[in-house]
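Here's the structure, in structure tokens; my notes come after.
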């Protein structure tokens, strides 16, 4: 039995070997060049005249069919098809001889041409040492910030047309550790007060030490009184510091010219954990056209809200007195404190967001400066800001609302808080549908505002840096 089994296996093995040999011989015969010379070399006749490469294929019916009629032959021959990203279909026919090389070479040249025709991709380093950098990255540029080395530094990538933006932020981002081979740099700096200015200047002083540096842009949280004397030497010496443009929060008339220096929004308080996005349906509320229940829910819990630090002798003190004297205080959420609190707990941050979502209007009195986070936070939550339309402080000398007015923010402006009762009385006459449409318009405007600021930054960057 054992001997008989071994014999059977030998027979099967012999058959398999014979099949393999037959397959190899067939493949060799199929792939051999047609017409001449058992070797794979080509004669000058094979190449033909002027690189035509028709050679000894003249008279071959397969060649004549392709020459006379086009592409029917390509579809009849055995082939492998390859479609590259930037190429037309390349057909490799096993029995077409030199035509294979022609097709491949044409496809390769086309690929090279397409790649060369594509615009060059530039890289810009963005180094952030200010909280407004988080608003810039997440809210304006719509990037996702990733922690590195357990939060020692943070990284994200953004995109402008033909430009890749590498964002770096966090305590580990120091002048000694950033890429010193950068050609194009944007610095996001905090020059808000005397305590922060030395760090901002340290980064500006680094610029002449970067050997390959060609152009620099700035996004600066400046001083609330708009003086900013510390920044002037750096902007004036363009040859040394290579600063081509600047966007400034708290710029003032002596700085913002609309060309080299432009206004930048303060944005939301990211350092107090204000969310990157608020649910759209929560922000606009139910559509009153749908159900009776939706009509009842269209009006928010509070007519207005006021959350502010009250400074003695300020317009905020006047506003608080008006609310109490007019009886509006009973319809509004009021959280007035005498001391500014810079930080929030997760609980208080959530309470603040919820208060905005439950208020039809958000009162935004001027503080040390007219502009405040509350404008943008209320817009995100669909709570119409009522803004004090003044220049505060007088040293700024320029309308701090200029950017919002230019971009047609659907805010309500008041010159004097004593006019507030009449304003709110008029607003209370709006129908549920009008209130719903008002919130939709506000939330839509704010989303569009962020897109437009992104476009403004990208176009300024490309033009000032010459990245075309």
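The values are calculated or read from the model by the stated rules, or taken from the named source; none is laboratory data. As the structure is a prediction and not an experimental result, all values here were calculated from the model. In this analysis, Cβ positions are derived from the backbone assuming ideal geometry, glycine residues included, and neighbour counts consider all displayed protein chains.
Scan the range 389-433 for residues that are under 25 Å from residue 321 (Cα atoms), more than 34 Å from the chain's Cα centre (by Cα) and surrounded by 14 or more Cβ atoms within 10 Å (Cβ to Cβ) and jot them down.
Scanning the range 389-433 gives 414, 417, 418, 420, 421, 423, 424, 427.
Quickly run through the range 413-434 and pick out the residues that are in a helix (DSSP H, G or I), in contact with a helix residue (DSSP H, G or I) (Cβ under 7 Å, 6 or more places away or on another chain) and modelled with pLDDT of 95 or more.
Passing the criteria: 417, 418, 420, 421, 424.
Looking at the range 390-406 only, could you name the residues that are touching a helix residue (DSSP H, G or I) at 6+ places or on another chain (Cβ under 9 Å) and free of Cβ contacts under 8 Å to residues at least 12 places away in the same chain?
Answer for the range 390-406, where residues must be touching a helix residue (DSSP H, G or I) at 6+ places or on another chain (Cβ under 9 Å) and free of Cβ contacts under 8 Å to residues at least 12 places away in the same chain: just 399.
Condition first: more than 30 Å from residue 241 (Cα to Cα) and at pLDDT 95 or above. Can you find one or more residues in the range 452-459 that meet it?
no
Name every residue in the range 118-130 that is at pLDDT 95 or above and part of a loop (DSSP other than H, G, I, E, B), in order of residue number.
Step one: of the range 118-130, the residues at pLDDT 95 or above are 122-130.
Scanning the range 118-130 gives 129, 130.
Would you pick out the residues in the range 219-243 that are surrounded by 15 or more Cβ atoms within 10 Å (Cβ to Cβ), in a helix (DSSP H, G or I) and touching a strand residue (DSSP E or B) at 6+ places or on another chain (Cβ under 9 Å)?
Matches in the range 219-243: 231, 234, 235, 241.
Residues 427, 408: which one is assigned by TED's automatic domain parsing to the domain that holds residue 333 and more than 25 Å from residue 336 (Cα to Cα)? Break it down stepwise before answering.
Details: 427 fails: more than 25 Å from residue 336 (Cα to Cα).
Answer to the selection: 408.
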